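Asks: I'd like to ask you about the structure that follows.
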Amino acid sequence: MNTPSKSKSLIDMRSDTVTRPTPDMLEAMMQADVGDDVFGDDPTVNRLQSMVADLLGKEAALYVPSGTMGNQLALRAQTRPGDQIVLEDGAHIYRYEAGAPAALCGLLVTCVETPDGLLDWPLVEAALNPANVHCAPPSMISLENTHNRAGGRILPQKNVQDIADRAHARGIRVHLDGARLWHAHVATGLTLAELAGPADSVSVCFSKALGAPVGSVLAADKATITEAYRFRKMWGGGMRQSGILAAACLYALDHNLARLAEDHRHARALAVGLDHPALKVNHPVDTNIVIIDVAGPGQDEALLSHLESSGVLGVGFGPGRVRLIPHLEHSDADVGHAVEALNSFVGDRK
Ligand SMILES: Cc1ncc(COP(=O)(O)O)c(C=O)c1O
């Protein structure tokens, strides 16, 4: 079936996942040297895994189909059913991974509410269960950098280091959901290895903003990756000639990483250009995500309809909130058009 993509004729800012592979990326995929990755034979997958392990400063890495699988493998490989995991209330792992920490990993999840998505050690410490036979033992803290639901906020590296140092002193592992760690790297100038250094495991995504159609990588120490490899097979994530997909990730690393600065500039332009009494961006725009708070009941839906009729797609992001993410398919003119569309919103006239 050949259904036209909804976004073909629209400025699609629903997510940075909606990008389509460019002809050059497709060519790189066509040229990929492949083998059976379940036998460990795919040279392109192997190259991607070792390149990403090096970039993140970890011993080993595993290519997986999605960010969700990377995160859940990290949890499953480093905890036991019945353990406690602590994470921020808006964390993707908690909100948007279909209950997998409970269903796949058997974890007791404790969420910490923050005003801005930015966890620090005192907040985490207060949420950790005591070492006591009545309680689920705390065995993992999971961080998210950048933080999607908080509007692409960058978690200050001193918080990451502090949380990891103190967690490790108590024998607790730290996972970093780094689906958009690339953005923190480009925005701060810290290397990916510096950003990932304090965490025991880190997952990164190639299908968000970097423009690849599929794929994430989980990086960690060798023992964790060996465990994750076993669970990846169990969960049906063992793929065969997946070098075709890994080639798109290698292409994305080479061509689309540094240009994220342009997406950050576009996101800031959206926020700065917004001049409307009912619409506010209530978070610093650190990277590529803009969350707009919309005043008035039902006005979020009205705004989305207005945007769509003006040729712009956004996505609802909880009551009274609309999210826009500029990405590599967008030009300065597209962003200017989106600003005009936002500022011409006159509300629900029904
Ligand atoms: C912060 C974060 N982590 C993980 C994921 C999951 O990635 P996937 O959709 O590839 O499962 C997403 C997806 O948007 C995300 O934003």
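The values are calculated or read from the model by the stated rules, or taken from the named source; none is laboratory data. Bear in mind the structure is a predicted one, so any value in this text is a computation, not a measurement. Note that each Cβ is placed from the backbone with ideal geometry, even for glycine, and that neighbours are counted across all protein chains shown. Ligands, DNA and RNA are stripped out before the accessible areas are found, and what is left, the full protein with its side chains, is counted by its heavy atoms. Shrake-Rupley method; radii C 1.70, N 1.55, O 1.52, S 1.80 Å.
Asks: Here are some conditions: (1) in contact with an Asp or Glu (Cβ under 9 Å, 6 or more places away or on another chain); (2) touching a residue at least 40 places away in the same chain (Cβ under 8 Å); (3) farther than 24 Å from residue 58 by Cα. Residue 112 meets all but one. Which one does it not meet?
Replies: Answer for residue 112: the failing condition is (2).
Asks: So which of 41, 83 is under 22 Å from residue 238 (Cβ atoms) and of a type in the set (Asp, Glu)?
Replies: On inspection, the qualifying residue turns out to be 41.
Asks: Condition first: open to solvent by 30 Å² or more (accessible area, probe 1.4 Å), within 13 Å of residue 249 (Cβ to Cβ) and touching a residue at least 40 places away in the same chain (Cβ under 8 Å). Now tell me which residues in region 29-48 satisfy that.
Replies: 47
Asks: Where in region 123-218 are the helices (runs of 4 or more DSSP H), entirely inside, with at least 2 residues that are within 12 Å of the ligand (Cβ to nearest atom)?
Replies: Answer list for region 123-218: 181-188.
Asks: Now for a different question. Give all pairs with beta carbons closer than 7 Å in which a residue from region 63-88 that is acidic (Asp, Glu) meets a residue that is open to solvent by 10 Å² or more (accessible area, probe 1.4 Å) and within 9 Å of the ligand (Cβ to nearest atom); count only pairs at least 6 apart in sequence or on separate chains.
Replies: As it stands, the answer is 88/144, since those pairs meet every condition given.
Asks: Continuing with the same structure: Would a scan of region 87-96 turn up a residue that is closer than 19 Å to residue 207 by Cα, more than 23 Å from the chain's Cα centre (by Cα) and of a type in the set (Gly, Ala, Ser)?
Replies: no
Asks: Considering only residues that are near the ligand (Cβ under 10 Å from one of its atoms), surrounded by fewer than 21 Cβ atoms within 10 Å (Cβ to Cβ) and closer than 24 Å to residue 159 by Cα, which ones fall in region 49-89?
Replies: none
Asks: Ok, one more. Run residue 271 past the list (1) within 24 Å of residue 24 (Cα to Cα); (2) in a helix (DSSP H, G or I) and report the number of the one that doesn't hold.
Replies: (1)
Asks: What are the residue pairs meeting all of these: first residue in region 141-153, first residue over 10 Å from residue 287 (Cβ atoms) and open to solvent by 10 Å² or more (accessible area, probe 1.4 Å), second residue among the acidic types (Asp, Glu) and more than 10 Å from the ligand (Cβ to nearest atom), Cβ atoms under 7 Å, and 6 or more apart or on different chains?
Replies: 144/88; 150/116
Asks: Does residue 91 qualify as being touching a strand residue (DSSP E or B) at 6+ places or on another chain (Cβ under 8 Å) and farther than 18 Å from residue 214 by Cβ?
Replies: yes
Asks: I'd like to check something: does region 2-9 contain any residue that is away from the ligand (no atom under 16 Å from the Cβ), in contact (Cβ under 8 Å) with a residue 24 or more places away in the chain and open to solvent by less than 40 Å² (accessible area, probe 1.4 Å)?
Replies: The answer is yes, given that some residue of region 2-9 is away from the ligand (no atom under 16 Å from the Cβ), in contact (Cβ under 8 Å) with a residue 24 or more places away in the chain and open to solvent by less than 40 Å² (accessible area, probe 1.4 Å).
Asks: Right, next: Tally time: how many residues in region 205-223 are in contact with a strand residue (DSSP E or B) (Cβ under 6 Å, 6 or more places away or on another chain) and open to solvent by less than 50 Å² (accessible area, probe 1.4 Å)?
Replies: 6
Asks: In region 16-89, which helices (runs of 4 or more DSSP H) lie fully inside it and hold 2 or more residues that are closer than 30 Å to residue 132 by Cα and of a type in the set (A, V, I, L, M)?
Replies: The qualifying helices (runs of 4 or more DSSP H) are 67-78.
Asks: Another question, then. Anything in region 227-268 that is within 21 Å of residue 77 (Cβ to Cβ), assigned to a loop (DSSP other than H, G, I, E, B) and open to solvent by 10 Å² or more (accessible area, probe 1.4 Å)? List them, or say none.
Replies: Of everything in region 227-268, those that are within 21 Å of residue 77 (Cβ to Cβ), assigned to a loop (DSSP other than H, G, I, E, B) and open to solvent by 10 Å² or more (accessible area, probe 1.4 Å) turn out to be 235, 236, 238, 239.
Asks: While we're here: Just to be sure I understand, how many residues within region 280-314 are surrounded by 15 or more Cβ atoms within 10 Å (Cβ to Cβ) and within 23 Å of residue 331 (Cα to Cα)?
Replies: Selection size over region 280-314: 17.
Asks: Go through region 317-350 and count every residue that is under 24 Å from the mean Cα position of the chain (by Cα) and surrounded by 14 or more Cβ atoms within 10 Å (Cβ to Cβ).
Replies: Of the residues in region 317-350, 15 are under 24 Å from the mean Cα position of the chain (by Cα) and surrounded by 14 or more Cβ atoms within 10 Å (Cβ to Cβ).
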